[in-house]
Amino acid sequence: MPQRVFADPEGKKDWKEYGTPKEVPTLANDAGKYAGLLPGVDGNSLIVTEEPGEDFTAYTYYCFDKKGHLVQLRFEVQTAWGWGFREEGPIVNRHVSFRGIEFFDTKTEESCRNPGLTQMKFLRT
């Protein structure tokens with residue numbers, strides 16, 4: 001459960017703090033944004049952002065140490081077709097050291113093969 005919750009539901013750069021995620025209005029596709037702050041272990045914290053689109057939702061996870069330094073980053077897209085991809089990695093010398101892209105099934109979270117170029121038309125345009 002996030003410690004603090006913020007949203008810009010219509011994408012008008014009008015961020016507001018909410019008491020719980022359930023209080024956040026439905027986010028507008030291709031415009032609305034959500035951010036939640038979660039406490040971590042040993043003073044670390046995690047900020048999760050969500051940006052819905054018509055056919056996919058993008059999530060970014062920022063992990064900060066207790067000094068406020070970004071130490072890990074994860075980017076994930078979940079599609080309307082039941083698959084997603086993500087990449088993540090630690091911050092090394094102030095750069096993200098991504099370990100490559102992993103495709104996964106959005107229902108099971110299990111890795112899967114590339115879902116095929118026919119479903120990935122939007123990535124090529």
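Does PHE75 meet the test of being in contact with a strand residue (DSSP E or B) (Cβ under 9 Å, 6 or more places away or on another chain), modelled with pLDDT of 90 or more and either farther than 23 Å from GLU51 by Cβ or not β-branched (Val, Ile, Thr) (or both)?
Against the criterion (in contact with a strand residue (DSSP E or B) (Cβ under 9 Å, 6 or more places away or on another chain), modelled with pLDDT of 90 or more and either farther than 23 Å from GLU51 by Cβ or not β-branched (Val, Ile, Thr) (or both)), PHE75 qualifies.
So, in the stretch 20-35, exactly how many residues are part of a loop (DSSP other than H, G, I, E, B) and not small (Gly, Ala, Ser)?
7
Could you list, in sequence order, the residues of the stretch 64-79 that are more than 19 Å from ILE101 (Cβ to Cβ) and part of a strand (DSSP E or B)?
The answer is PHE64, LEU70, VAL71.
Picking from PHE75, PHE64, PHE56, PHE85, which residue would you name as being farther than 25 Å from LYS107 by Cα and aromatic (Phe, Trp, Tyr)?
Testing whether each residue is farther than 25 Å from LYS107 by Cα and aromatic (Phe, Trp, Tyr) leaves just PHE64.
Among residues belonging to the stretch 21-44 that are out of contact with any Gly (no Cβ under 7 Å at 6 or more places or on another chain) and of a type in the set (S, T, N, Q), point out the one that is nearest to LYS66 (Cα to Cα).
Of everything passing the filter in the stretch 21-44, ASN44 is nearest to LYS66 (Cα to Cα).
Give me the residue from the stretch 76-90 that is buried (at least 17 other Cβ atoms within 10 Å of the Cβ) and of a type outside the set (D, E, K, R) and, out of that set, nearest to the chain's Cα centre (by Cα).
Within the stretch 76-90, the match that is nearest to the chain's Cα centre (by Cα) is VAL77.
Just one of the numbered conditions (1) at pLDDT 95 or above; (2) under 27 Å from GLU110 (Cα atoms) is not true of MET1; which one?
Only one criterion in (1) at pLDDT 95 or above; (2) under 27 Å from GLU110 (Cα atoms) is unmet by MET1, namely (1).
Of all residues in the stretch 99-119, how many are in contact (Cβ under 8 Å) with a residue 12 or more places away in the chain, under 30 Å from PHE64 (Cβ atoms) and of a type outside the set (Lys, Arg)?
Looking only at that region, the number is 7.
The values are calculated or read from the model by the stated rules, or taken from the named source; none is laboratory data. Owing to the predicted nature of the structure, the values given are computational and were not obtained by experimental measurement. A quick note on method: Cβ atoms are made from the backbone with ideal geometry, for glycine too, and the neighbour counts reach across all protein chains shown.
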